[in-house]
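Okay, so here's the structure we're looking at.
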Amino acid sequence: MAFALCSGERAVILLYISRVLFSVPLSLLHEAIALLLLAFAALFVEISTEDSKALDRFKTRPGVSSGILLGTVSLPTVMLSRLIQLSRAFSEHDIGPEELGYINMQYWAVSISCFGVLIFLHAVRCLSLNNTSSLCLRSLQEEKYTAFYIVFYATVCYMSLAKKSYSGLDVAMKLLWILCHGLASVRLIQHILHTFSSCASIGEALLVTGGLVLYFGDMLLITLAKIDAYALPSKLVSLPIGIRRSEISIIIQGVLLGLLLLPVFYKVLLRTWIHFTVLTDSETNATEGRTSEEIMRSIIFYASLVVTLVLIVPAWMQFVQDFHVHPLLWVFLFVFSEPLKRLSLCIYWMGVISASVLRFYNISKNSKIERILLRKYYHLVAVLMFSPALLFQPKFLDLSFGAALASFLALEMIRVWKIWPLGHLVHQFMNAFTDHRDSDILIVSHFSLLLGCALPKWMSSGFNDRPLAPFAGILSLGIGDTMASVVGHKYGVLRWSKTGKKTVEGTAAGITSVLVACSVLVPLLASTGFILSQHWLSLLVAVTVSGLLEAYTSQLDNAFIPLVFYSLLCL
């Protein structure tokens, strides 16, 4: 047990949380206490469930730890860092109380989501112990401490919300709203772990769960804000809106929600068609050699995709945002508002993608280079693609990130469901770049790389007094992670652990390369008009902590490292 408590990953996470808590102002004391309580609860659940093997009922990604602690604290710590950043802006009157209140509600929503999942995991463990007739007296005493812990956490949450509210009804509506996030997270993580077995660890599933519930809970709020609230209290509708969303953020939210709900729409249409149609397996298409049923399924899928993206999703966008034209037409007009810059950037991207795909795909089929090392070249491609756009076309990059993520989602559905005629081709192509972290059900590495680069940029929209923060994903994944892997593979000798592959030389190279990149990036940002306020000592701490986490964690680092680096840069 003592060895487990002192594992390298947990030590780095403790260092990470300590750095954030050290920067917390007195006005965010309750949020800091809540994060500390959340971290201790996650540590207890992680150790107790791993010791008891209670989570064996969930088929998680093999060969990795549960990752409960890292998955629990990542998003709440990011939101707390964002709160610290906005507190500086609020004290200088750069933003109003609405923006600060909005992020505060997001912090509590994601914290309660993670806390609710921890309670669920603890309950699973207790049930497994009861089934094996383990120490009943000890279990009863443990449950008393658990109940006290939950009440204490809820009290801290109540005190924080009450301090920023004007009435008891206001506090009650806030508590109800964040409680709904917790319940939704428990239900969603069960669905993810059972539907996508062996695709993710508990921590990775928790990170995805918290992000999805937070993101689409925000969509529900802005939808409710447009409704006259016939049966809903106005406090619930108007409370967390806080900031005005841009057209680009609404478009991205709508498209992503539409694609995530597409499987439900597609399955309903498919079952309806099957109910009214009788086909035999012997009916085939003479020219293609495909069954009529397979072709019809493909037609239904593509029709569902078009209806969702062209009719249903734009209808929601126009409902919640004042688009004077169809949102797809708005995108077209936005691109051509600066045709020379944006179309030139698109041509540049297409050239880089074409050259890299042709080059690396052939190498992957004929070379003996390890897959994980080969894929690091795509991290460098991300640097080449995203850095110029982030410097000179940040809004267009936001939209492009959304379009790329939507394309990845659509292609993954086509691959998984084997939609004719692209399903087999996409599967064959994507298999050339898979490694042990991908499963037979889902290929997630390209999603994590894209989101790792996109999330720091998306979260930096609005007030941002730390210009390096939007580059967190590009720097940590495109440069730091790549250099660590290449140098560690070729020259690494000293390993961080006996069972791991990460080396001290690789980590040192990753940290050094990010610092060098920052020293080059800072003058470029200054030349484009940014007022720089990033302290080099804080930058060194941020780079070092994220580099050490990459060295120790067995989780999908593309998902966690950019969030950790971003939150530390915000300080």
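Since every read-out is calculated from the coordinates, none of them should be taken as a lab result. None of these values were measured; they are calculated from a predicted model. Reconstructed Cβ throughout: ideal geometry from the backbone, glycine too, with neighbour counts over all protein chains shown.
General observations
- Cα-centre dipole for region 21-97 with unit charges at Cβ (Lys and Arg positive, Asp and Glu negative), debye to 20: 260 debye
- Segments 377-388, 56-67 sorted - mean Cβ within 10 Å per residue, highest first: 377-388, 56-67
- The local environment of LEU193, defined by Cβ-Cβ distances under 14 Å, has a net charge of +2 under the rule Lys, Arg +1 and Asp, Glu -1.
- Relative packing of peptides 483-495, 505-517, 104-116, 322-334 - highest average C-beta neighbours within 10 Å first: 104-116, 505-517, 483-495, 322-334
- Backbone N atoms of region 58-73 closer than 13 Å to the 7 Å Cα→Cβ label point of HIS194 belong to residues 58-59.
- Too-long pairs where the Cα-Cα distance tops 28 Å, listed order kept, from LYS457/LYS498; LYS59/LYS418; LYS144/LYS498; LYS395/LYS501: LYS457/LYS498; LYS144/LYS498; LYS395/LYS501
- Annotation: amide H of ARG495 within the under-5 Å range of VAL504, sequence separation 5 or more or interchain, hydrogens built in the peptide plane.
- Burial order of peptide ranges 155-161, 448-454 (average beta-carbon count within 10 Å, highest first): 448-454, 155-161
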